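Notes to accompany the following structure.
Nothing in this text is a laboratory measurement; each read-out follows from the coordinates by a stated rule. All values derive from a computational prediction rather than experimental measurement. Here Cβ is always computed from backbone atoms with ideal geometry, including for glycine, and neighbour counts include all displayed protein chains.
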């Protein structure tokens with residue numbers, strides 16, 4: 001099946017649910033069995049059987065099946081948030097004395113988890129230039145167990161050369177993990193590029209309506225899935241069935257929503273690129289962006305999340321006046337929903353291995369499902385406020 005058909009069919013079993021199209025929500029902790037033999041058999045196959053709510057219900061399994069089909073992975077694990085998925089995957093794969101390589105463009109909560117949790121347990125972290133490509137080989141040590149990637153970075157939007165990184169990592173026996181949220185697993189097929197574990201904050205585009213917290217861990221092969229699932233199960237972490245239901249609902253409309261996000265995002269990004277107050281638009285699909293060629297090689301599309309850097313003559317106060325003047329853009333830290341959002345950003349403050357090349361203040365925009373002309377008008381009002389504050 002083609003991707004859009006998989007999105008509308010994966011995880012569905014009407015014949016098991018009285019012909020009902022959508023899998024129902026199973027609220028469950030306890031599962032009962034007809035015999036002691038059946039109960040014991042479920043314990044022997046605990047990672048696969050539905051025997052206790054924490055290990056999964058038909059609702060969570062339907063969602064996981066659909067995400068695995070979307071990303072082209074073997075199996076998926078649902079988690080209660082994107083950060084829970086990142087933390088769960090990392091803790092499943094590292095131990096004391098191990099070394100992790102993490103892109104300097106990584107989502108800040110991932111960096112904080114590594115610094116405040118993994119480091120306490122004797123895992124060494126090294127941050128690397130997201131544009132390093134095959135040069136990652138020089139950073140891999142005998143104790144390096146994984147390379148964590150995020151492409152594009154969710155603040156600075158560098159696109160990573162995943163095949164080159166994967167080739168070097170695999171040659172040294174290390175795994176490659178990817179935060180694949182920007183593409184929603186739709187515009188990037190991670191496992192064809194050598195990724196071993198794809199992670200998403202399904203809260204974003206998969207849910208799509210800003211009304212649920214959800215994360216996913218999708219594995220390239222069965223043995224890796226079982227390793228991840230066993231560790232996650234021991235932690236007691238699980239996604240709720242209502243959130244998985246909302247994630248499954250969101251998946252059904254993911255393709256047309258992303259197409260609208262992409263079209264609106266590009267229209268507004270191209271318009272902003274011509275504004276005199278703007279020094280750079282950080283959008284991988286723009287030909288002017290430094291990593292555009294990599295994006296064009298590996299991605300089949302773009303979402304509506306990108307950055308804007310103002311000229312260095314623009315003060316931080318003027319940037320804030322720009323944001324305060326916006327009416328259609330809400331000021332909020334998430335993205336991927338139907339609503340448009342904006343936040344002030346400072347990538348220089350959250351980097352340790354590379355220097356941020358811009359001196360002007362910056363913002364991040366998420367273009368929702370609003371009309372692009374209305375969004376341009378809102379941004380135009382913001383730019384007028386910026387000029388007045390300057």
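The table that follows gives values for the structure above.
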read-out	value
Taking segment 1-111 and dividing mean pair separation by its residue count, relative contact order in percent (alpha carbons under 8 Å, at least six apart)	22
Spatial extent of segment 242-301: Rg and Dmax, with the Cα atoms as the point set, Å	15.1, 47
Within segment 233-265, backbone nitrogen closer than 19 Å to the virtual label 7 Å beyond the Cα of residue 17 toward Cβ	239-255
Relative counts (whole %) of C-alpha pair distances in the chain, using bins that are 20 Å wide	28, 55, 16, 1
Bridge type composition, the chain - antiparallel percent by DSSP, nearest 5	55
Ordering of 367-373, 317-323 by packing [mean C-beta count within 10 Å, highest first]	317-323, 367-373
Hull-based mean projected area of segment 4-101, where the convex hull spans the alpha carbons, in square nanometres	9.2
Residue-averaged [θ]222 nm for the chain, counting only DSSP H segments that reach four residues, each worth -39500 (n - 2.57)	-11000 deg cm²/dmol
Förster-model FRET efficiency, 25 Å R0, residue 273 and residue 356, C-beta, rounded to 0.05	0.80
Gain upon complete extension [residue 5, residue 348; 0.36 nm per residue less C-alpha separation]	119.3 nm
Translational diffusion coefficient (Stokes-Einstein; Kirkwood radius from C-alpha pairs) of segment 235-390 at 10 °C, 1.306 mPa s, in µm²/s	95
Calculated FRET efficiency for the pair residue 223/residue 290, C-beta based, R₀ 30 Å, to 0.05	0.20
Normalised contact order of the chain, rounded percent, pairs of Cα under 8 Å and 6 or more residues apart	16
Relative contact order, percent, segment 173-216 [alpha-carbon distance under 8 Å, six or more residues apart]	37
Global form of segment 152-288, assessed from the alpha-carbon gyration tensor, a/c cut-off 1.5	oblate
Cα-projected label distance for residue 141 with residue 388, points at 7 Å along beta-carbon direction, nm	5.5
